[in-house]
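The values are calculated or read from the model by the stated rules, or taken from the named source; none is laboratory data. Keep in mind it's a predicted model, so treat the numbers as computed, not measured. Using ideal geometry, Cβ is built from the backbone for each residue, glycine included, and neighbour counts are taken over all protein chains shown. Ligands, DNA and RNA are excluded from the accessible area calculation, which covers all protein heavy atoms including side chains. Shrake-Rupley method; radii C 1.70, N 1.55, O 1.52, S 1.80 Å.
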Amino acid sequence: MTLANGRRLLAIPGPSAVPDAVLRAMHRAAPDIYQGELPDMMPGLVTDLRAVARTAGHVAIYIANGHGAWEAALANVLAPGDAVLVPATGRFGHGWAEMAAGLGAAPEVLDFGKRSAIDPAQVALRLSQDRAHRIRAVLAVHVDTSTGVRNDIAALRAVLDDLGHPALLMVDCIASLGSDPFEMDGWGADVVVTASQKGLMTPPGLGLVFFNDRADARRGDLRVSRYWDWRPRARPEQFYQYFGGTAPTHHLYGLRAALDLMMAEGVEAIWQRHAVLARAVWAAFDAWGQGGPLELNVPDPGQRSHAVTAVRTGGDLGARLRQWTDERAGVTLGIGLGMVPPGDPGAGGFFRIGHMGHVNAHMVLGTLGAIQAGLVALDIPHGQGALEAAAQVCATA
Ligand SMILES: *Cc1c(COP(=O)(O)O)cnc(C)c1O
């Protein structure tokens, strides 16, 4: 029978759960965009966004999803023909490279597969061959949401510095910001891209591009399309120019409420919460995997994201399990993404769990409990003690 009626849980890696406080903040009559509360709110919003990204740099906000933020960031620093290096660890690395190609740049992908992090030594080798410094930027995805791989951004900065290579370090933090630890200035990222609907707990619709003065200087006199140009968006006190038109009014109220939650908890406490909940997920899968086909996609825990977990099941077990938890238990798990070519029947052999943003112990333990029930119901072989192991992690954190 179905036990799904009750509050449903969307446990996919974005869009993530939206807090009631964010929903309430958005439920209001249309605000004035020329004066008053909304324009006055902007400088504080920018201050708190900087605190989340750990940067003293600028932040441009676009009415866009993550793909829009990808393009916005690239449009400000690349001219047609520019070479960029893209070390990829999953679908999103390739996607950003395709976006660069679409703008006429010349991306070169270094493919590190789907189960482990970027090897900085190989990036160093490639950059060291670029004596003429033709490569203008390195595009790295911090957490690739398709694979659950988390990359070492500080190590990439060290590679660039050691070689004295001037390429910009541009980082996709769409999945990770506000969940996995990230230090834009401390780790030396020049440009950081994110979006509202993952760790920032706000509905999809805002694309954010953080950039430092170095990136802006490298932009130089490039002709940037009027809408993507980040310069007017570095001045939050000029509200109308900042958005290049009507502001995303309700999203800004939602983001304000989300940032209030984040500031009250503290950025480091948020990172710790995600770290513990991720370990609870891993502990469950370690136990299940002892007696069956379930396997975490990333073998090395040091290379796993705290925001999303990708799981390999083989066959069509991932798809069947997703269907069971969705229909019978009210928990929607994420589909496998980018693991096999489009249309390949093997796609059903993967699933993902989003544990990013507005997520706590009962949500994660509930998700794991639903998976446990699904494994039993579908007669999928699995090891024992998974839920005890996950509870133990939560109990002893
Ligand atoms: C979600 C995501 C994107 C794409 O964002 P959209 O809002 O779907 O365009 C890009 N990169 C990463 C790492 C993501 O997690």
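Scaled against 2.2 N^0.38 Å for its residue count N, the alpha carbon radius of gyration of the stretch 230-370 is 1.34.
Radius of gyration over Kirkwood radius for the stretch 31-264, both on Cα atoms: the Rg/Rh ratio is 0.96. Could you list which residues have their amide H under 5 Å from that of Ala60, counting only those 5 or more apart in sequence or on another chain, with H placed in the peptide plane? The list, which skips near neighbours in sequence, is Val209, Phe210, Phe211.
A cut-off under 14 angstrom between Cβ atoms defines the neighbours of Gln241, and their net charge, with Lys, Arg +1 and Asp, Glu -1, is +2. Ellipticity at 222 nm from helices only: DSSP H runs of n ≥ 4 in the chain, each -39500 (n - 2.57), divided by the residue count, give -12000 deg cm²/dmol. Taking the longest Cα principal axis of the chain as reference, the axis of helix 267-289 is set at about 40 degrees. Once every Cα of the stretch 33-126 carries one equal point scatterer and solvent is ignored, give the base-10 log of I(q)/I(0) from the Debye formula at q = 0.11 Å⁻¹, two decimals. Values returned for q = 0.11 Å⁻¹ are -0.48. For the stretch 110-161 versus the stretch 167-196, the inter-centroid distance based on Cα atoms is 14 Å. Ligands, DNA and RNA are left out, and with a 1.4 angstrom probe the accessible area of the stretch 31-264 is 36 Å² per residue. In the elastic network of the chain, a GNM with C-alpha springs shorter than 10 Å, the most mobile of Ala373, Ala29, Ala79 is Ala29. The DSSP beta bridges internal to the chain are antiparallel in roughly 55% of cases. Heavy-atom surface analysis with a 1.4 Å probe gives the chain a carbon and sulfur content of 54 percent of its accessible area. Of interest is the spacing of the C-alpha centroids, which for the stretch 287-328 and the stretch 13-56 amounts to 34 Å.
For the pair His27 and Thr249, a Förster radius of 22 Å applied to the C-beta separation gives a FRET efficiency near 0.95, rounded to the nearest 0.05. As a ratio to 2.2 N^0.38 Å, the alpha-carbon radius of gyration computed for the chain takes the value 0.99.
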